[in-house]
1. Which one, Gly130, Gly236, Gly173, has the greatest fluctuation when you compute a Gaussian network model over the chain with C-alpha springs under 10 angstrom?
2. Note the count of lysine pairs whose C-alpha atoms are less than 27 angstrom apart in the chain, limited to pairs 8 or more residues apart or on different chains.
3. Name the long-range amide H neighbours of Thr263: under 5 Å, sequence gap of 5 or more, or other chain; modelled H, no Pro or chain starts.
4. Find the accessible area per residue for the chain; the probe is 1.4 Å, ligands and nucleic acids are left out, and the unit is Å².
5. In deg cm²/dmol and to the nearest 500, what is the mean residue ellipticity at 222 nm of the chain if only DSSP H runs of at least 4 residues count, each as -39500 (n - 2.57), divided by the residue total?
6. Would you work out the charge dipole size for the chain about its Cα centre, treating the Cβ of every Lys and Arg as +1 and the Cβ of every Asp and Glu as -1, and quote it to the nearest 20 debye?
7. Calculate, for Glu39 and Arg238, the FRET efficiency according to 1/(1 + (r/R0)^6) with r their C-beta to C-beta distance and R0 30 Å; round to the nearest 0.05.
8. Residue-wise, which Karplus ³J(HN,Hα) couplings in Hz belong to region 205-217, taking 6.51 cos²θ - 1.76 cosθ + 1.60, θ = phi - 60°, and x for glycine or proline?
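The values are calculated or read from the model by the stated rules, or taken from the named source; none is laboratory data. Keep in mind the model is a prediction, meaning the values are calculated, not measured. Every residue, glycine as well, gets a Cβ built from its backbone with ideal geometry; the counts of neighbours run over all protein chains shown. When the accessible area is computed, the model is the full protein with side chains, heavy atoms only, and any ligands, DNA or RNA have been set aside. Shrake-Rupley method; radii C 1.70, N 1.55, O 1.52, S 1.80 Å.
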Amino acid sequence: MHNRIGAQTKRARVGGALVAIALAAGAGTVAAQQSGAREYVPFDDIDPTLGHLADMEFSGTVRYWKDEETLRRHLSWVGDPENEWKLNYKHRDLEYDELHGGHFYLEEGEAAFRELSERHPGFAGCIGWGEADLVGAATQYPRYDPETNAIWTLEGRIEHCAKAIAGQELPQGSPGNTRLSLYVKSLSHGMPIDMDIGQPALRIAYERGKGLFYMKAGQFNFACATCHSPRTPVMGRRLRGQTSTTPFAFVAHFPTYRSPRGTVETLQERIGLCSRQMRVMPLRPGDPAYVDLEVFLTALSNGYPIVSPGVR
């Protein structure tokens with residue numbers, strides 16, 4: 001009963017303008033551009049089945065950050081404003097073994113997970129879709145569940161399982177949810193992301209997310225792609241003290257410890273912060289539009305190993 005109610009609630013939340021945007025994106029990005037209803041950054045031709053390696057035809061920088069050995073050969077670029085962005089900030093992943101704030105949040109997440117699992121043995125199995133051993137579980141998120149007719153991100157599944165199994169409120173974006181997500185993600189550290197982009201519901205969500213990624217909005221009339229597509233003059237150039245990079249393999253280090261903020265940040269929280277910078281009203285973590293964007297970005301990260309806890 002709870003699953004059916006949860007599914008109805010999720011479907012009901014996809015309304016109004018977001019439905020129009022999603023349908024336009026799902027019907028085809030070219031048609032969305034030609035309709036004139038919205039303004040888009042020109043779409044890139046991306047093959048989502050190639051995962052992060054599709055960046056070879058996008059920015060081409062994957063040749064510099066595709067693995068640790070390649071990264072180490074180009075570490076001399078760190079601090080070089082002309083070339084550092086080509087590393088896609090993956091050199092920060094080499095700091096995994098160094099003590100940083102993310103490790104303290106990880107310890108808190110592990111303690112919270114063990115306490116919750118001891119009191120409610122079904123909690124881990126809920127997150128693992130029947131498997132209590134969660135090693136590798138995070139690699140498959142987001143994933144579609146036909147029973148609830150919903151796409152679940154890891155943070156969304158934690159919220160659902162905490163409520164359904166333990167009767168505990170752990171909304172997405174809350175510190176408790178994020179710490180648990182960080183711990184579960186750490187159990188897949190070093191394992192490649194493997195979201196099933198061949199699953200029809202996820203492929204449709206990917207197309208919706210792609211439409212949102214390239215759609216302009218807000219006071220600046222920016223899209224995500226304004227800063228993160230080679231079709232614009234921004235990617236690779238400094239913008240307010242930061243240099244934007246390719247979106248490929250972006251998901252691998254989330255949730256990540258953000259040194260400037262002194263806290264751990266989920267992918268959807270990061271999308272919300274980017275929205276504010278674009279002068280777009282941010283949505284709540286777990287909103288269907290953000291789920292679609294997460295599916296899109298995860299497809300561009302498929303095949304790249306998870307780093308948890310990451311630091312940026």
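1. Gly130
2. Here the count comes out as 15.
3. Those lying under 5 Å, H to H, from Thr263 are Arg258.
4. Solvent-accessible surface per residue comes out at 46 Å².
5. Details: 13 runs with 134 residues, N = 312.
About -12500 deg cm²/dmol.
6. On the way: 34 positive and 36 negative charges, 232 e Å.
It works out to roughly 1120 debye.
7. Values: r = 25 Å, r/R0 = 0.84.
Efficiency, rounded to the nearest 0.05: 0.75.
8. Each residue's phi maps through the Karplus curve to give 4, 4, 5, 5, x, 4, x, 5, 5, 9, 7, 7, 7 Hz.
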